[in-house]
1. Just for helices (runs of 4 or more DSSP H) wholly inside the range 181-280: which have at least 1 residues that are within 16 Å of the ligand (Cβ to nearest atom) and surrounded by 12 or more Cβ atoms within 10 Å (Cβ to Cβ)?
2. Assuming MET311 fulfils every condition listed in (1) open to solvent by less than 20 Å² (accessible area, probe 1.4 Å); (2) more than 30 Å from MET638 (Cβ to Cβ); (3) assigned to a helix (DSSP H, G or I) apart from one, which condition is it?
3. Which one of ALA429, ALA370, ALA348 is open to solvent by less than 10 Å² (accessible area, probe 1.4 Å) and in a loop (DSSP other than H, G, I, E, B)?
4. Those residues that are more than 16 Å from SER571 (Cα to Cα) and open to solvent by less than 50 Å² (accessible area, probe 1.4 Å), I need them from the range 486-498; list them, please.
5. Given the options ALA42, ALA36, name the one that is of a type outside the set (D, E, K, R), at pLDDT 95 or above, more than 8 Å from the ligand (Cβ to nearest atom) and within 25 Å of ALA180 (Cβ to Cβ).
6. Given the criteria under 22 Å from SER239 (Cβ atoms), modelled with pLDDT of 95 or more and within 14 Å of the ligand (Cβ to nearest atom), does ALA133 qualify?
Amino acid sequence: MSVLTIDREGEIAVAILDNPPVNAISAEVRCALWQAVETLDADPGIRAVVLVCAGRSFIAGADVKEFGLPPVEPHLPDLVARIEAAAKPWTAAIHGAALGGGLEIALGCRFRLIDAEARVGFPEVGLGIIPGASGTVRTPRLAGIEAAVEMVTSGKPVPAPEALRLGLVDAMVTGDLRGAAVSYAASMIGGPLPEPVSARPVETRPDSYWSERRTRLEKAGEAAPLRALEAVRKATEASFDEAMAFERATFLALRDSPEAAALRHVFFAERAALRPAALKGVAPRNIGSVGVVGGGTMGAGIAAAFRMAGMPVTLIERDAGAAARAHAAVSRIFDGAAARGKLTGDEAKALSDGLICTDDPTALGDVDLAIEAVFEDLAVKRAVFDDLARVCRPDAILATNTSYLDPRRLAEGVPAPERLIGLHFFSPAHVMKLLEIVPLPGTAPEVLATAFDLARRLGKMPVRAGICEGFIGNRILKRHRAAAEDLLAEGVPVAAVDAAMRGFGFRMGPFEAQDLGGLDIAFLQREAARAEGRDVPETLADILVRAGRKGQKTGGGWYDYPEGGRMPVASDAVARLLTDRIAGGEVPAPDAIAERLVGAMADEGATILAEGIADSAAEIDLVEIHGYGFPRSKGGPMHWTGRG
Ligand code: 3H9
């Protein structure tokens, strides 16, 4: 079946594009649209054309799957020009989203109508590229320079009312979009047509405007937004054809860059993660209410995340005072969001009002899901699970947020094991996107599917993890830290390791990050393992913690923090404490340091994959990107080292 069919409504042709799931512009779509322009131009019975799309969206952009392949004619810029030059004026009827090449096709049309719920945008920078079919050249002609710069450099889509205000579309429609577009196109027949967008004048801006914009974008350190800015500038200073040639050359060069390949890898990995193949056809349960046990940093963050996803939450604490403190802690999260303009005051209040904090566990009697987020101690968590089994409905899903403990041991003897699961959130849980989902041997497929569905509702990135110490992320973190300590032992300064990892694209190096989070957490885990009789070698971090250096909170960890500040200063005390463990050696170049640490992460990832703890290298990459600050534009440790 063709991706394009044509209906006739009197003198109006309705071209219906149907290329599921999101009408991405494949070579077949380009050919079909080109052919339609030719056919309809030659049809004397047709005086105007409406372009509509089947399914949930207008055109979501060029087909990203084709980016690794040689370009095939007709090229998209030529198709947009062909539509613009059609003898019969085309009207785009946009629902869902018109993104990237989809919006570029709409810009080639003589008129654009938009459904009130739809949005338009240029997300290309998120893929490490810039628009490649006139987005940077036609947009400033239609909507002005500010709108064009903002759209192409930020990648953020614009909602329909804003698109109308900016002049990107001619009218907004509520209800029957196709009907409205056909009437609109009919009403324009015989009247004077507006200039095609390519022929419209464009403003200019002084040098200072562009350099100020450039400085702002440089801070993020990514190539694509800067190149997108250059392309818009070109569009305002050169002829239309020259600007088009510049845009195309920039697009092609970026498309073939390692950064763009990494971002495409992440693009597809993220989409696949939300719908694991193993759960195809398994219906999730509907979770209408949630219980959280424990109101510390983790429990409060989890409660906030569920409230922000619109679910009523009951939080259990040890006594009335702790319950009141937990309520205040969660409310502070909402108030903070309101202060930053992310929520209105009323929304923050409603979120806070929908949270019950109590010391009465029987308040969880009717929740659909209960998550324990108490102290990381087997006996404590075990007791909570026993309580949950007693007070919750027998079919309620019971989850543990443990980071290191074996969920099988926590759940031993709990009735109805098919409802038990690990949901490992990352702190702060209302912010961090990663959710490791850890099924137990008896977990029912529908419970696992429910966990993935919950992740989607919470806006999280779910990754299935098998049971082992640290699951995927913390296990790799342990290896990463050990490799960083090996570098210190070879004589590389702490600050050189951190600087190399920042240079690679992490926000913080491994030692700065430990100082921020506290060295004592991992130390206590190692001590607990030693107490159990396991052979855990003394780390350099252990030496610091034993000397009272637990990080920023104690005024010193790997660095000194004079006067309780946050500015790290190289520490003589650390040098003295570690002197016996450090050999003098040559300091490798920053790239070599990063290569070694990322290589260690990927080595551990490969073992994790071989053991079946993760299902794919791409999912390991997602864990690192969404849980540990690995730079997205490098694609994750597996992709970067060529292992995924
Ligand atoms: C571009 O246009 C460059 C041009 O300027 C120049 C060219 C010369 N290609 O997100 P979903 C698949 S660059 C191929 O879960 P939703 C996706 O993989 C492009 N496939 O749906 C998934 O597949 P599967 C600029 C694509 O309803 C399925 O569709 N455009 C593409 O939550 C469903 O995706 C973008 O970056 C694509 N372009 O959200 C837009 N898009 O089912 C990217 C999606 O096999 N797309 N797929 O796993 C989106 O933002 C969302 O998909 C959208 C729908 C908002 C449209």
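The values are calculated or read from the model by the stated rules, or taken from the named source; none is laboratory data. These figures come from a predicted structure and were not determined experimentally. We place every Cβ from the backbone using ideal geometry, glycine too, and count neighbours over all the protein chains shown. The area values use the complete protein model at the heavy-atom level, side chains included, leaving out ligands, DNA and RNA. Shrake-Rupley method; radii C 1.70, N 1.55, O 1.52, S 1.80 Å.
1. On the way: elements: 207-218, 223-237, 240-255, 258-274.
Ranges flagged: 223-237, 240-255, 258-274.
2. With respect to (1) open to solvent by less than 20 Å² (accessible area, probe 1.4 Å); (2) more than 30 Å from MET638 (Cβ to Cβ); (3) assigned to a helix (DSSP H, G or I), MET311 is out only on (3).
3. Matching residue, one of ALA429, ALA370, ALA348: ALA429.
4. If the condition is that a residue be more than 16 Å from SER571 (Cα to Cα) and open to solvent by less than 50 Å² (accessible area, probe 1.4 Å), then LEU487 is the only one that fits.
5. Step by step, each of ALA42, ALA36 is checked, and only ALA36 is of a type outside the set (D, E, K, R), at pLDDT 95 or above, more than 8 Å from the ligand (Cβ to nearest atom) and within 25 Å of ALA180 (Cβ to Cβ).
6. Values: under 22 Å from SER239 (Cβ atoms): yes; modelled with pLDDT of 95 or more: yes; within 14 Å of the ligand (Cβ to nearest atom): yes.
Yes; evaluated as a whole, the condition is true for this residue.
So that you can scan it fast, the table gives a plain yes or no per residue for (1) of a type in the set (Phe, Trp, Tyr); (2) open to solvent by 50 Å² or more (accessible area, probe 1.4 Å); (3) over 25 Å from ARG507 (Cα atoms):
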| position | (1), (2), (3) |
| --- | --- |
| VAL545 | no, no, no |
| THR579 | no, yes, yes |
| GLY584 | no, yes, yes |
| ALA602 | no, no, no |
| THR607 | no, yes, yes |
| VAL623 | no, no, no |
| PHE630 | yes, no, no |
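Yes/no matrix, rows are residues, columns are (1) open to solvent by less than 40 Å² (accessible area, probe 1.4 Å); (2) part of a loop (DSSP other than H, G, I, E, B):
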site: CYS31; (1), (2): no, no
site: ASP43; (1), (2): yes, yes
site: GLU73; (1), (2): no, yes
site: LYS88; (1), (2): yes, yes
site: ARG112; (1), (2): yes, no
